[in-house]
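One structure is given here, and the rest of the page talks about it.
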Amino acid sequence: MAVNEKHRTMMAAVGYHDVIKRLVLLLSSTSYKVQCQSCLALRNLASDADHQLLIVREHSLPPLHTLIKESNGNTLAAGLACLRNLSLHKSNESAVISENMVPTLMRQLRISSNPQAQQHAAGIIRNLATGDHITDVLTTECANTMAYMLLDPSTNITVLIEVTASIAVFADDDETKDQLMNMEGGKVFSRLVSLASLSSNSEVQYNCAGAIGQIALTVKLQQKDIPEDLLHKNIAGILLYLDKFLMSPEPSFVHVALWTLLQLLDDRGFYSIYKKEVHLHKVIEKIVKSKHSEAIKELADNVQAKMTAQAMSG
């Protein structure tokens, strides 16, 4: 019933939220099947913003936290799916953080053999980091766990989509930019470049490109170039990613590539190589004269202007 929007409204209203209260109680059932079905019903109810807030107000987080720590299989996935919907509401973020759920999510992400559960755990972290609690999230060493999942070649593609999306959000934090560039001896940065240029999944490509763009801002913010050896190892991949994105029919891909290029041009080592890439210069020129949006054409024009300024400054 909770799949249907009209039915969800009716269920939540029954007996002053008695259905929700009962479902929350059933999260502590001794039957895994009952727990699983309760999670799924609450997840569906939590498809609506008003219900997300109400379910948390009915003290659902403590039993849900216990369930996530102690269950496995379908029940674990259902519990995390429920929490993921609840974490969408900005007013629930503090409650989730206060319940100390983030370390549990990190543990499930690293040790679970259940890709669906891992996918939801990473999605919850992304939801929390997107809000006002990125500092609280990052203090639990989420970045290290996400890096571990990023570098693990066995990570399921559905999980990798959420992991790279989370890393892109983490990279929005100024202190984390530098950390991501140098993490694991530069392996995290190299993996992001590799996935942006070579992944067969467009979401993973886009997420990694967004993270690279944020990391590139370190050059401007800290007036510090990308380490020479790291740039040397990745320059071919960076240029390949830029070429693919700039030629993409998807405006969002073109936009993120131009924005990233604008940041990278502040790096002296990158500029010295890019200035010889005649093919990419022609691509930028075509974009300026294209039917792309004004925002994209303005970015392309800014890239050309920065190239001119760099050339004049020597």
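The values are calculated or read from the model by the stated rules, or taken from the named source; none is laboratory data. This one's a predicted model, so the numbers in the text were calculated from it and none came from an experiment. Ideal geometry is used to build each Cβ from the backbone, glycine not excepted, and the neighbour counts take in all protein chains shown. Just so you know, the surface numbers come from the protein's heavy atoms only, side chains and all, with ligands and any DNA or RNA stripped out. Shrake-Rupley method; radii C 1.70, N 1.55, O 1.52, S 1.80 Å.
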### Task
Find how much the distance from K282 to E175 grows on full extension, using 0.36 nm per residue of separation minus their present alpha carbon separation; answer in nm with one decimal.
35.0 nm
### Task
Starting at the first residue of the stretch 232-243, write each ³J(HN,Hα) from the Karplus equation 6.51 cos²θ - 1.76 cosθ + 1.60 with θ = phi - 60°, in whole Hz, x for Gly and Pro.
4, 5, 10, 4, 5, x, 4, 5, 5, 4, 4, 4
### Message
I need the phi-derived Karplus couplings for the stretch 105-122: 6.51 cos²θ - 1.76 cosθ + 1.60, θ = phi - 60°, integer Hz, Gly and Pro marked x.
### Response
4, 5, 5, 5, 5, 7, 9, 5, 9, 10, x, 5, 5, 4, 4, 5, 4, 5
### Task
Which order do the peptides 234-241, 39-46, 282-289 take when ranked by the mean count of other beta-carbon atoms within 10 Å per residue, highest first?
39-46, 234-241, 282-289
### Task
Place the peptides 215-222, 111-118 in order of packing, highest mean first, counting for every residue the other Cβ atoms within 10 Å and averaging per peptide.
215-222, 111-118
### Task
Compute the separation of the alpha-carbon centres of the stretch 144-192 and the stretch 235-311 and state it in Å as a whole number.
24 Å
### Summary
For the table K244/K275; K220/K282; K220/K291; K224/K282; K177/K275; K177/K276, the rows whose alpha-carbon distance is greater than 23 Å are K220/K282; K220/K291; K224/K282; K177/K275; K177/K276
### Positive-end residue of A257, I273, N207, charge dipole of the stretch 188-314 with Cβ unit charges
I273
### Length-normalised contact order of the stretch 81-196 in % [C-alpha pairs under 8 Å, at least 6 apart]
24 percent
#### Entry: Candidates G213, G185, G269, ranked by Gaussian network fluctuation over the chain, Cα under 10 Å, top entry
G185
### Message
Can you give me the accessible area per residue for the stretch 62-104, using a 1.4 Å probe, in Å²?
### Response
36 Å²
### Message
Please list 3J(HN,Hα) in residue order for the stretch 46-62, calculated via the Karplus relation 6.51 cos²θ - 1.76 cosθ + 1.60 where θ = phi - 60°; whole Hz, with x for glycine and proline.
### Response
7, 6, 9, 4, 4, 6, 4, 5, 5, 4, 5, 5, 8, 6, 7, 5, x
### Message
Compute, for the chain, the length of the dipole vector about the Cα centre, with Cβ point charges of +1 (Lys, Arg) and -1 (Asp, Glu) only. Units Debye, rounded to 20.
### Response
640 debye
## Note on the structure
With a 1.4 angstrom probe the carbon and sulfur portion of accessible area for the stretch 231-296, in percent, totals 59 percent
### Message
How far apart, in nanometres, would the label points at S29 and E203 be if each is projected 7 angstrom from Cα along the Cα-to-Cβ direction?
### Response
3.0 nm
